[in-house]
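Written below as structure tokens is the structure these notes are about.
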Amino acid sequence: TQVLQSLRLYYYAMRDVFLEALRAGEPESRMIALKTILNMKDVDVLPAVENLLDQEKNPALRHAALKVLWYLDAPGVSTRLEEVIQYEQPEIKLEALRAIRLLEGPEALPTVASLLTGETREVEREAAQTILRMTGVKGLQSAGRVRAWTDAWKSRQGRAEPTPDES
């Protein structure tokens, strides 16, 4: 317990260093700061992490910042995740889809469904799996059956609750 308390006090003393690294540090320093923030679950620095996500061009750093916001349940993370799956690189979309699967309700389904065509195969598959999990559908083991179901679901999207045919 004393070791953990000492580490925590050390971290809080270093918080300014991490915040400066997020703002102006080299990519490696920013990555270390993000990982430390995540490990320490320091929600007080989430606004700085959001600023990094808004301004950073490096996909690896954007991915790490998104993960911090998701894992620490940042305020407004739901809206951020929906933005990310519309405009980001495939590897960041995959992370956002996994987060949406765990955090979101049915209101996110239209945004997720927009990824079923025109994306990389991996993103389309992750979007389909997200829709299946969020709607509670079971029994669609093959990729072809998932694609057929999601195509049918997408065509019914504007109607009331989807009623998938699993036969």
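Side notes on the structure shown:
- Accessible area (Å², 1.4 Å probe, nearest 10) - residue 116: 10
- At a probe radius of 1.4 angstrom, the accessible area of the range 1-129 per residue rounds to 55 square angstrom.
- Between residue 51 and residue 117, the contour length at 0.36 nm per residue exceeds the Cα-Cα span by 20.7 nm.
- For residue 115, nonlocal amide neighbours, meaning residues 5 or more places apart or on other chains whose placed amide H falls under 5 Å from its own, do not occur.
- Projecting the Cα atoms of 47, 61, 79 onto the dipole axis of the range 18-87, where Lys and Arg carry +1 and Asp and Glu carry -1 at the beta carbon, places 61 farthest toward the positive end.
- Pairs of Cα atoms nearer than 8 Å and 6+ residues apart set the relative contact order; for the range 1-108 it is 19 percent.
- Charge sum, other residues only, whose C-beta stays under 14 Å from residue 7's C-beta, Lys/Arg counted +1 and Asp/Glu -1: +2
- For the range 34-134, the dipole from Cβ point charges (+1 on Lys and Arg, -1 on Asp and Glu) about the Cα centre works out to 300 debye, to the nearest 20.
The values are calculated or read from the model by the stated rules, or taken from the named source; none is laboratory data. Just so we're clear, the structure is a prediction, and the values are computed from it rather than from any experiment. All Cβ positions, glycine included, derive from the backbone under ideal geometry; neighbour counts span all protein chains shown. Accessible surface areas use protein heavy atoms only, side chains included; no ligands, DNA or RNA. Shrake-Rupley method; radii C 1.70, N 1.55, O 1.52, S 1.80 Å.
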